[in-house]
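Inspection log for the structure reproduced underneath, given as structure tokens.
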Amino acid sequence: MANERSAVVLASGRLVQWREGGAAHVDFDARWVLRREESKGDVAGFFHTHPPGVPGMSDRDRRTMQAWAQCFGRDLLCAIRCRSATRAWLCGKDGARREVASVILKGRSLQWTP
Ligand SMILES: [Zn+2]
């Protein structure tokens with residue numbers, strides 16, 4: 001079974017800081033993310049895979065994204081790749097989330113329309 005993978009989504013769409021986790025979890029380098037946001041202010045959100053799992057956000061995804069949005073004080077993108085489909089949500093600090101109009105994963109770059 002494939003492991004989950006993750007990356008940080010920059011405002012440019014570039015996916016950076018790739019990591020590999022276990023079959024049903026993956027994490028991010030929180031210190032790197034905070035340093036990047038403080039120095040460049042261009043962290044748009046997070047990308048991870050669900051192989052071969054659920055195409056939507058898990059309860060843990062929701063809790064994690066709310067915590068990050070609270071930390072950043074603004075909405076953040078949660079993009080999930082499952083099988084050959086990619087979906088993404090904008091997640092707020094109040095826990096609300098809204099699926100974006102469109103999202104395309106191309107290589108190591110993500111393009112989305114809010
Ligand atoms: Zn997930």
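Just one of the listed residues (W68, W18, W89) is in contact (Cβ under 8 Å) with a residue 12 or more places away in the chain and over 23 Å from P114 (Cα atoms), namely W18. Residues of region 36-58 that are over 22 Å from S84 (Cα atoms) and loosely packed, with under 12 Cβ neighbours inside 10 Å: E38, S39, K40, G41.
So which of C71, C78 is away from the ligand (no atom under 15 Å from the Cβ) and either part of a strand (DSSP E or B) or surrounded by 13 or more Cβ atoms within 10 Å (Cβ to Cβ) (or both)? Of the residues listed, the single one that is away from the ligand (no atom under 15 Å from the Cβ) and either part of a strand (DSSP E or B) or surrounded by 13 or more Cβ atoms within 10 Å (Cβ to Cβ) (or both) is C71.
The set of residues in region 100-114 that are surrounded by 12 or more Cβ atoms within 10 Å (Cβ to Cβ), of a type in the set (A, V, I, L, M, F, W, C) and assigned to a loop (DSSP other than H, G, I, E, B) contains only V100. Residues in region 27-68 that are away from the ligand (no atom under 14 Å from the Cβ) and of a type in the set (S, T, N, Q): S39 alone. When region 1-48 is filtered for residues that are at pLDDT 95 or above and touching a Gly at 6+ places or on another chain (Cβ under 6 Å), only V9 remains.
The values are calculated or read from the model by the stated rules, or taken from the named source; none is laboratory data. No experiment lies behind these values; they were computed from the predicted model shown. Reconstructed Cβ throughout: ideal geometry from the backbone, glycine too, with neighbour counts over all protein chains shown.
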